[in-house]
Amino acid sequence: MKLKNKYKLGEIVAFKSHPLLYSYYIKGDGKLVPPFMVVTEIIFENKMKKLVDETTGKKIAERVKYHCTFFDDNKNQFKNVVVYESMLENYKSIYIARNGKNDNKQSYESLIEEASKYTIPNYNYAKIIYFKTKKFEIFKKRTSERVTRQKKNGKEKETKKQLIQYVVNYATPDFVLTGLKAQEIENAFYANGERRRIASKLLYKVKWFNSSQMKFSEQFLPSECFMSEQPFDTIISHSEEE
């Protein structure tokens, strides 16, 4: 049977354990939350791939896997991870509030709808562009409780207060386009004509200030990783209408 990929190139995905797939808020240490990622390559394993453990008869692998890219804000650099299909969910399954005023279904849907309209930037030298996960990472929220105790008339009274704060780890800077190159996709098909891998045909070279190393960094990434829509308004728009 011909293999099909559930997620497409450039799609925003999250590891299945991400808390915002199940609730509007993160509870506990925000550092333990996995990053939102972008699919940068799709791999179809051949029929020889070992999927079941011979001893237990239990499933241990799949034939469809994804290269996913995320931004490590501690080291200020992009990283890649290979993940099997059933370990991922896409951005449409994410529960995330758009702003602090309306943490409801409507605000959640507005960000998902916005992300569904992201477009790949046209190349324009020195243009400012944005990694697709930027807004999702900045809008993450964590809840915790603060407990205070006061004595009044000889009795102790306990008061609980819910605290809500943004968790902006993995948030990306804005990037400047400095180059591009076409990519030849090697070994794209097996000998029988079935698809082996799906990858980007066009790579964008982007530049940003790496505050961790106090230098400017550059890297080629698939054009599908980026969006042309400016995620947050500024007094002066980053780029003119094309």
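What follows draws every value from the coordinates through simple rules; no lab data is involved. All values reported here derive from a predicted model rather than from experimental measurement. Reconstructed Cβ throughout: ideal geometry from the backbone, glycine too, with neighbour counts over all protein chains shown.
Quick notes on this one:
- Amide H to amide H, with H built 1.01 Å from N, Glu41 comes under 5 Å of His67, counting only residues 5 or more places away or on other chains.
- Convex hull volume of the C-alpha atoms in the chain, normalised per residue: 212 Å³.
- Highest mobility in the GNM of the chain, judged by mean-square fluctuation with C-alpha springs under 10 Å and restricted to Glu158, Glu11, Glu186, is found for Glu158.
- Within the range 193-242, the chymotrypsin sites (Phe, Trp or Tyr not before Pro) that combine a DSSP coil assignment with at most 11 other C-beta atoms in a 10 angstrom radius are Phe232.
- Model label zone, Lys49; criterion: amide N under 17 Å from point 7 Å along Cα-to-beta-carbon; scope the range 1-42: 1-9, 39-42
- Considering only alpha-carbon pairs that sit under 8 angstrom and 6 or more positions apart, the relative contact order computed for the range 1-84 is 25 percent.
- Burial ordering of Glu194, Glu137, fewest other beta-carbon atoms within 10 Å first: Glu194, Glu137
- Binned Cα-Cα distances of the range 60-201, short to long, each 10 Å bin given as a whole percent: 8, 24, 30, 20, 9, 5, 3, 1, 0
- When only Cα pairs below 8 angstrom with a gap of at least 6 residues are kept, the range 150-237 shows a relative contact order of 20 percent.
- In percent, rounded to a whole number, the relative contact order of the chain is 21, using alpha-carbon pairs under 8 Å and six or more apart.
- Zone of Lys8's modelled label, taken as backbone nitrogen in the range 210-229 under 13 Å from a point 7 Å along Cα→Cβ: 224
- Shown in residue order for the range 29-43 are the 3J(HN,Hα) couplings computed by the Karplus curve 6.51 cos²θ - 1.76 cosθ + 1.60 at θ = phi - 60°: 6, x, 6, 8, 7, x, x, 6, 10, 10, 5, 10, 6, 10, 10 Hz (x for Gly and Pro).
- Nearest 10 degrees, 0 to 90: helix 105-116 Cα axis against the chain principal axis: 30 degrees
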